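Notes follow once the structure below has been shown.
Since every read-out is calculated from the coordinates, none of them should be taken as a lab result. Every value quoted in this text rests on a predicted model; they were computed, and no experiment measured them. Glycine also receives a Cβ, built like all others from the backbone with ideal geometry; neighbour counts cover every protein chain displayed.
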2 protein chains.
Amino acid sequence: MSCGLAYAPQLRSLGYRITPQRMAILHVLCHSGKHLTPRDVYQKAKKDFPTLTEPTVYRTLEFLAKNGLARPMQAGKGRLRYEMAEDDHHHIVCRVCGDEIEVEHELLESMYRKMESTSGYQRIDSHVTFFGVCPECLKT
Amino acid sequence: MSCGLAYAPQLRSLGYRITPQRMAILHVLCHSGKHLTPRDVYQKAKKDFPTLTEPTVYRTLEFLAKNGLARPMQAGKGRLRYEMAEDDHHHIVCRVCGDEIEVEHELLESMYRKMESTSGYQRIDSHVTFFGVCPECLKT
DNA sequence: ATCTTTATTGTAAAAACTTGCAATAAGGAA
DNA sequence: TTCCTTATTGCAAGTTTTTACAATAAAGAT
Ligand SMILES: [Mn+2]
Ligand SMILES: [Mn+2]
Ligand SMILES: [Zn+2]
Ligand SMILES: [Zn+2]
């Protein structure tokens, strides 16, 4: 409930408004496990703010992502999940069992620099999901 | 119409069946531009095979991807598009204007090896979409 | 040719996500 | 406080994607 307020000045300075819906959603993202689906967020935030609706959740998550407060993650099958934006990292998801691990961005950093200088693209997103096969599933 | 047949022996040897729906969809993927949406595929393939339905298209695309004939691509907002699986490559998409370029897999190869040895995950997918800002959009 | 097995499809409905628009309310000005 | 502007929301309807299950038809055996 209060943790959302920490972001209020930043949002207000950009000309955005502080609404209870946004605060409730930020609260959920801050205090829950990572990578929540829009539905997860909706159901949890609804407890704080019962008149919340689903379109607002989708729009708010996209809004927070666009402003760098939240980060979208590509879960399997092209579905998006969200988490608060903290330190840069990536994920590898097992395409067999769904198991998921984190990878330090450091490991990809020199590749990112090469990719940026080669392509001319900048500010490439440092939260990518790779799909592979985990050690367990490789055994069988 | 005929190009799908090229894949028939491979599919049959895995115990799968050759259906006109699959052939029509393979035909579309072979002869059309890259990265088609399921809806693109549906509308084009319907011309060859008018009784085709959308659930079949979704299932078939997923089926082809699982068997390595097609490749899913993460388009913006967590939407999937598909293309035939050919040489390994990646994409960078501009998160401002949507412009899109290809990146040789070669550029990422050493990073992939590091990631595989560090994580123990193998067969990591070599068709990733990165999001960044293109040179044009960087100017403004 | 006919039969049998079962992978694959279509149907119908549900779930997930998006959109347009009118109503609301946040934040600044008076 | 009250008023004004307009960003944001809720509502209702639309579109996209998934699912369960019964009907169909591909492929191999007879
Ligand atoms: Mn993450
Ligand atoms: Mn591609
Ligand atoms: Zn696994
Ligand atoms: Zn651009």
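Report the charge-dipole magnitude of the protein assembly as shown in Debye, nearest 20, computed about the Cα centre from +1 at each Lys and Arg Cβ and -1 at each Asp and Glu Cβ.
On the way: 38 positive and 34 negative charges, 264 e Å.
For the protein assembly as shown, the charge dipole is close to 1260 debye.
Given chain A, report the % of alpha carbon pairs whose separation exceeds 20 Å. Kindly include the intermediate steps, with their values, before the conclusion.
Details: 5291 of 9730 pairs.
More than 20 Å apart: 54 percent of the Cα pairs in chain A.
On C-alpha positions alone, give me the angle between the axis of helix B:54-66 and the longest principal axis of chain B, in degrees, nearest 10.
For helix B:54-66, the angle is close to 60 degrees.
Identify, among A:Val93, A:Met115, A:Phe130, the residue whose Cα sits farthest towards the positive end of the charge dipole of the stretch A:89-139, taking +1 on the Cβ of Lys and Arg and -1 on the Cβ of Asp and Glu, with the dipole about the Cα centre.
Ranked along the dipole, the leading option is A:Met115.
Between 0 and 90 degrees, rounded to the nearest ten: what's the tilt of helix B:20-31 against the longest Cα principal axis of chain B?
40
What are the label-to-label distances in nm, one decimal and shortest first, from B:Ser117 to the same spot in the other copies, with labels 7 Å along Cα to Cβ?
2.3
How far is B:Glu100 from itself in the other copies, in nm, if each label sits 7 Å out from Cα along the Cα-Cβ line, shortest first?
2.4
Once you have the Cα-Cα distance between A:Lys77 and A:Glu102, take 0.36 nm times their residue separation minus that, and quote the gain in nm to one decimal. Display every interim value, and only then the final one.
Working: separation 25, 0.36 × 25 = 9.00 nm, distance 1.90 nm.
Between A:Lys77 and A:Glu102, full extension yields 7.1 nm more.
Simple spin-label model, 7 Å along Cα-to-Cβ: B:Ala8 to A:Cys30 in nm?
It works out to 6.3 nm between the two label points.
Nm distances between the label at A:Gly76 and the same-position labels in the remaining copies, 7 Å along Cα→Cβ, shortest first?
2.8
On each of the three principal axes of the Cα atoms of the stretch A:89-139, give max minus min coordinate, whole Å, ordered largest first.
Projected onto the principal axes, the Cα atoms of the stretch A:89-139 cover 40, 16, 14 Å.
Rg/Rh for the protein assembly as shown to two decimals, with Rh computed the Kirkwood way over all alpha-carbon pairs. Walk me through the intermediate numbers first.
Details: Rg = 20.9 Å, Rh = 20.9 Å.
On the Cα set of the protein assembly as shown, Rg over Rh gives 1.00.
In a Gaussian network model over chain B where Cα atoms closer than 10 Å are linked, find which of B:Arg79, B:Arg123, B:Arg39 has the largest mean-square fluctuation.
Sorting by GNM fluctuation, first place goes to B:Arg123.
Where the only charges are on Cβ atoms (+1 Lys, Arg; -1 Asp, Glu), what is the dipole of the stretch A:47-101 about its Cα centre, to the nearest 20 debye?
Details: 8 positive and 9 negative charges, 65 e Å.
Dipole about the Cα centre, nearest 20: 320 debye.
Please state the charge dipole magnitude for the stretch B:2-84, taken about the Cα centre, from unit charges on C-beta atoms (+1 on K and R, -1 on D and E), reported in debye and rounded to the nearest 20. Don't skip to the end; give the middle numbers.
On the way: 14 positive and 5 negative charges, 27 e Å.
Charge dipole, the stretch B:2-84, about its Cα centre: 120 debye, nearest 20.
Could you count how many Lys pairs in chain B have their Cα atoms under 19 Å apart, skipping same-chain pairs fewer than 8 positions apart?
On the way: B:Lys34/B:Lys44; B:Lys34/B:Lys46; B:Lys34/B:Lys47; B:Lys34/B:Lys66; B:Lys34/B:Lys77.
Taking the Cα cut-off of 19 Å, the pair count is 5.
State, as an integer percentage, the relative contact order of the stretch B:1-88 based on alpha-carbon contacts under 8 Å between residues 6 or more apart. Don't jump to the answer; show the numbers that get you there.
Details: 100 pairs, mean separation 23.0, N = 88.
Across the stretch B:1-88, relative contact order equals 26 percent.
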